[in-house]
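**Student:** Structure provided below as structure tokens; questions to follow.
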Amino acid sequence: MKIKGVQCPNMPWRPRPEHEHRPVWRHDANPVIARNPAPGVARIFNSAVVPWKDHFIGVFRVEDFTGVPHLRLGRSPDGLEWTFEDAPIRFVNAEDEDGMSRYAYDPRLVAVDGVHYIIWCTDFHGPSIGLAKTDDFKTFVRLENAFLPFNRNGVLFPERIGGVYKMLSRPSDNGHTAFGDIFISESPDLIHWGRHRRVMGKNDSWWQNLKIGGGPAPIKTDEGWLTFYHGVTRTCNGYVYSMGVALLDLETPSRVRLRSNRFCLTPETAYEETGFVPNVVFPCAALADEDSGRIAIYYGAADSVVALAYTDIDTISAFLRTHHEDMP
Ligand code: BMA
């Protein structure tokens, strides 16, 4: 399997440690964004990063001392050391009127045809999928909300497929949703969404037997869209969020070509097992590089910090080919 069409030679990277038997390995100085990372900020987690010019830019889920999440911009020379703007991203609508929502969380940040889109969980009489675009990371113009409430985990594909935009999402409820499958929708204009299809659901694997949801924007390969996602199980002490991986068909991404039958990352370290919400790894962004085959995954840990993990295309494709569900 080969990564297609994305270059990121300056991405953060650590080689696979000797004797590492797991398909995804953690950055050696995690978390990359610790608690209280800026004045007045309690937590940053579940956030999205892209390469931008000669550095990296990100849209971050920030919780201040009110506990209400908002989105904020951050910049980094190397993807590891981050500085954050002092104020929330100011969204406007097409008429330059206020486009802020009461809360905003779990952003994804995806470039399609040279325009950057932020997709996040917005307040639309309950959680649903907000969408905004920017050309310069200075002006952020809101588009129509993509879906009716309730919905979370909107993940736009990084290119149009068959001429149309495609977005994964996870219909939900207004609370700590105890169910959920990944669906895909398409749009000719990022306004009208339809032709909804179910991609995949929770299943009998115990780590993903409660609900699943999209993660980073899918990575294009010559064999399909490599898609990291989160899978959730319920224990006597609450939910546990792990990361799985699937390969979606290139032309028809509602078709699952391969899906791992085991997690490739699960809460194991102190910063994943302990925090505001214990036992959560929640991937929201991945950097990938065609030439080297490297992949860096940004994930929120325990709803408290941002951490990084790595894999490469040979390792993750071998894992997927060896440990997948029986595909129909
Ligand atoms: C989900 C979302 C995520 C969060 C997770 C675990 O429903 O709210 O932002 O990381 O729960 O608390």
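**Student:** Just to verify a result, which residue in region 54-77, among those that are closer than 18 Å to PRO283 by Cβ and in contact with a Gly (Cβ under 6 Å, 6 or more places away or on another chain), is surrounded by the fewest Cβ atoms within 10 Å (Cβ to Cβ)?
**Tutor:** Checked region 54-77; the qualifying residue surrounded by the fewest Cβ atoms within 10 Å (Cβ to Cβ) is GLY74.
**Student:** Among (1) touching a Leu at 6+ places or on another chain (Cβ under 7 Å); (2) open to solvent by 10 Å² or more (accessible area, probe 1.4 Å); (3) among the hydrophobic types (A, V, I, L, M, F, W, C), which single condition is LEU131 missing?
**Tutor:** (2)
**Student:** Just to check your reading of the model, which residue among LYS202, LYS211 is buried (at least 22 other Cβ atoms within 10 Å of the Cβ) and either farther than 30 Å from ASP113 by Cβ or in contact with a helix residue (DSSP H, G or I) (Cβ under 8 Å, 6 or more places away or on another chain) (or both)?
**Tutor:** The unique qualifying residue is LYS211.
**Student:** Please state which one of ASP204, ASP289, ASP222 is modelled with pLDDT under 95 and either more than 14 Å from the ligand (Cβ to nearest atom) or farther than 19 Å from ASP312 by Cβ (or both). Spell out how you get there, then give the answer.
**Tutor:** Details: ASP289 fails: modelled with pLDDT under 95; ASP222 fails: modelled with pLDDT under 95.
Just a single option satisfies the conditions, and that option is ASP204.
**Student:** Still on this structure, please answer the following. Only one of ARG257, ARG234, ARG198 is touching a residue at least 12 places away in the same chain (Cβ under 8 Å), within 13 Å of the ligand (Cβ to nearest atom), among the basic types (Lys, Arg) and not in a loop (DSSP other than H, G, I, E, B). Can you tell me which?
**Tutor:** Details: ARG257 fails: within 13 Å of the ligand (Cβ to nearest atom); ARG198 fails: within 13 Å of the ligand (Cβ to nearest atom).
Matching residue, one of ARG257, ARG234, ARG198: ARG234.
**Student:** Would you check which residues across region 105-116 are without any contact (Cβ under 8 Å) to a residue 60 or more places away in the chain, open to solvent by 10 Å² or more (accessible area, probe 1.4 Å) and in contact with a Phe, Trp or Tyr (Cβ under 9 Å, 6 or more places away or on another chain) and list them? Can you show your working first?
**Tutor:** Start the filter on region 105-116 by keeping residues that are without any contact (Cβ under 8 Å) to a residue 60 or more places away in the chain, which leaves 105, 112-115.
Still in the list and also open to solvent by 10 Å² or more (accessible area, probe 1.4 Å): 105, 113-115.
Correct list: TYR105 only.
**Student:** If you go through region 1-29, how many residues are open to solvent by less than 30 Å² (accessible area, probe 1.4 Å) and either over 23 Å from HIS323 (Cβ atoms) or among the basic types (Lys, Arg) (or both)?
**Tutor:** 4
**Student:** Output the residue which, of all residues in region 40-53 that are open to solvent by 10 Å² or more (accessible area, probe 1.4 Å) and in contact (Cβ under 8 Å) with a residue 40 or more places away in the chain, is nearest to GLY130 (Cα to Cα).
**Tutor:** VAL50
**Student:** Shifting gears a bit: I'm trying to understand the selection: among the residues of region 237-254, which are of a type in the set (Val, Ile, Thr) and in a strand (DSSP E or B)?
**Tutor:** Hits for region 237-254 are VAL240, VAL245.
**Student:** Please work out if THR177 is within 17 Å of VAL62 (Cα to Cα), within 14 Å of the ligand (Cβ to nearest atom) and either part of a strand (DSSP E or B) or out of contact with any helix residue (DSSP H, G or I) (no Cβ under 9 Å at 6 or more places or on another chain) (or both).
**Tutor:** Numbers: within 17 Å of VAL62 (Cα to Cα): no; within 14 Å of the ligand (Cβ to nearest atom): yes; either part of a strand (DSSP E or B) or out of contact with any helix residue (DSSP H, G or I) (no Cβ under 9 Å at 6 or more places or on another chain) (or both): yes.
Judged against the criteria, THR177 is not a match.
**Student:** In addition: Restricting to region 11-39, what's the tally of residues that are closer than 30 Å to VAL112 by Cα and without any contact (Cβ under 8 Å) to a residue 12 or more places away in the chain?
**Tutor:** The total comes to 1.
**Student:** Okay, next question. Test THR315 against the criterion of being over 25 Å from PHE183 (Cβ atoms) and in contact (Cβ under 8 Å) with a residue 24 or more places away in the chain, and give yes or no.
**Tutor:** Judged against the criteria, THR315 is a match.
**Student:** Which residue out of ASP249, ASP314 is open to solvent by 10 Å² or more (accessible area, probe 1.4 Å) and within 22 Å of PRO15 (Cβ to Cβ)?
**Tutor:** ASP314
Residues checked against (1) touching a Phe, Trp or Tyr at 6+ places or on another chain (Cβ under 6 Å); (2) within 16 Å of the ligand (Cβ to nearest atom):
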| position | (1), (2) |
| --- | --- |
| ALA146 | yes, no |
| PRO149 | yes, yes |
| PRO158 | no, no |
| ARG170 | no, yes |
| ASP173 | yes, yes |
| GLY194 | no, no |
| LEU210 | no, yes |
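The values are calculated or read from the model by the stated rules, or taken from the named source; none is laboratory data. Treat the numbers as computed from the prediction; the structure is a model and nothing was measured. Note that each Cβ is placed from the backbone with ideal geometry, even for glycine, and that neighbours are counted across all protein chains shown. Each accessible area value is taken on the protein alone, full model and side chains, heavy atoms only, with ligands, DNA and RNA left out. Shrake-Rupley method; radii C 1.70, N 1.55, O 1.52, S 1.80 Å.
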